[in-house]
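Asker: Below you'll find the structure I mean.
No lab work stands behind these numbers, since they all come straight from the coordinates. Everything quoted here is computed from the prediction, not taken from an experiment. Using ideal geometry, Cβ is built from the backbone for each residue, glycine included, and neighbour counts are taken over all protein chains shown.
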Amino acid sequence: MKINLIDILWLSLKLILGALIIFLFGKNLSSNQKLIYFVVVFIGVHVVFFIIGWLGRKYDKTHPLFPECENGKEIIKYLRSVESGQIFICECRDEYFFERPHSFKARRILKVDNNGSLTPYLIRHPFRKWEKDTSE
Ligand SMILES: [Zn+2]
């Protein structure tokens, strides 16, 4: 198992969180009780993080950041940045323009046609799935 800086930071955060909870709520506990309490909180924090991670992965699966292209292939590669967004390329080498998201507004993907013009492709409203963009 490889341990990186992020793991150490997370561990410290969890330890601090556990200690903080003991400090706030454990004033009347004996030191043995504090230790047990700390272990329980420490495990509890892990369980909570695990559930959040699991829900996050589940959410990513049904609400992927990168949907499939028009031919059902993966959009795989970042190509370049333009002023109002980024261009990505799919497995069949078509280009898609990801509009720079404005917070809490819909995200849009437009297909870059051979002549460089943009056709609306997909749109995703906050907390919704990608759907066909029917706007002009
Ligand atoms: Zn494609």
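Asker: Under a plain spin-label model, where a point goes 7 Å from the Cα along Cα-to-Cβ, how far apart in nm are LEU55 and ARG80?
Answerer: Result for the modelled spin labels: 4.2 nm.
Asker: For ILE8 and ILE43 in one chain, what is 0.36 nm times their gap in residues minus the Cα-Cα distance, to one decimal in nm?
Answerer: On the way: separation 35, 0.36 × 35 = 12.60 nm, distance 1.63 nm.
Gain on stretching ILE8 to ILE43: 11.0 nm.
Asker: Among HIS46, HIS102, what is the fewest-to-most ranking by other Cβ atoms within 10 Å?
Answerer: The order, fewest Cβ neighbours first, is HIS102, HIS46.
Asker: Let me ask something else about it. Can you work out the Karplus-derived ³J(HN,Hα) for every residue in region 32-45? Use 6.51 cos²θ - 1.76 cosθ + 1.60 with θ = phi - 60°, whole Hz, and x for glycine or proline.
Answerer: 5, 4, 4, 4, 4, 4, 4, 4, 4, 4, 4, 5, x, 4
Asker: I would also like to ask the following. Within a Cβ distance under 10 Å of LEU122, other residues only, what is the Lys/Arg minus Asp/Glu net charge?
Answerer: Once positives and negatives cancel, what remains is +2.
Asker: Here is a follow-up. As a footprinting exposure proxy, order ILE87, ILE109 by other Cβ within 10 Å, with the fewest listed first.
Answerer: Sorted ascending by nearby Cβ count, the order is ILE87, ILE109.
Asker: Along the charge dipole of the chain, pointing to its positive end and built from +1/-1 on Cβ of Lys, Arg, Asp and Glu, which listed residue (LEU20, SER84, ILE51) has its Cα farthest out?
Answerer: It is LEU20, whose Cα lies furthest towards the positive end.
Asker: Could you please report the charge total around ILE51, scoring K, R as +1 and D, E as -1 over all other residues with beta-carbon less than 12 angstrom from its beta-carbon?
Answerer: Details: positive: ARG57, LYS58; negative: none.
Its environment carries a net charge of +2.
Asker: Treating cross-link reach as a plain straight distance, find the lysines whose alpha-carbon is under 17 Å from the alpha-carbon of LYS58, omitting any fewer than eight places away in the same chain.
Answerer: Partners within reach: LYS129.
Asker: Rounded to the nearest 20 debye, what is the charge dipole size of the chain about its Cα centre when +1 sits on each Lys and Arg Cβ and -1 on each Asp and Glu Cβ? Show your work: numbers first, answer last.
Answerer: Values: 20 positive and 14 negative charges, 140 e Å.
I would put it at about 680 debye.
Asker: Within 10 Å of each residue's Cβ, count the other Cβ atoms and sort ASP133, ASP60 from fewest upward.
Answerer: In increasing order of surrounding Cβ atoms, one gets ASP60, ASP133.
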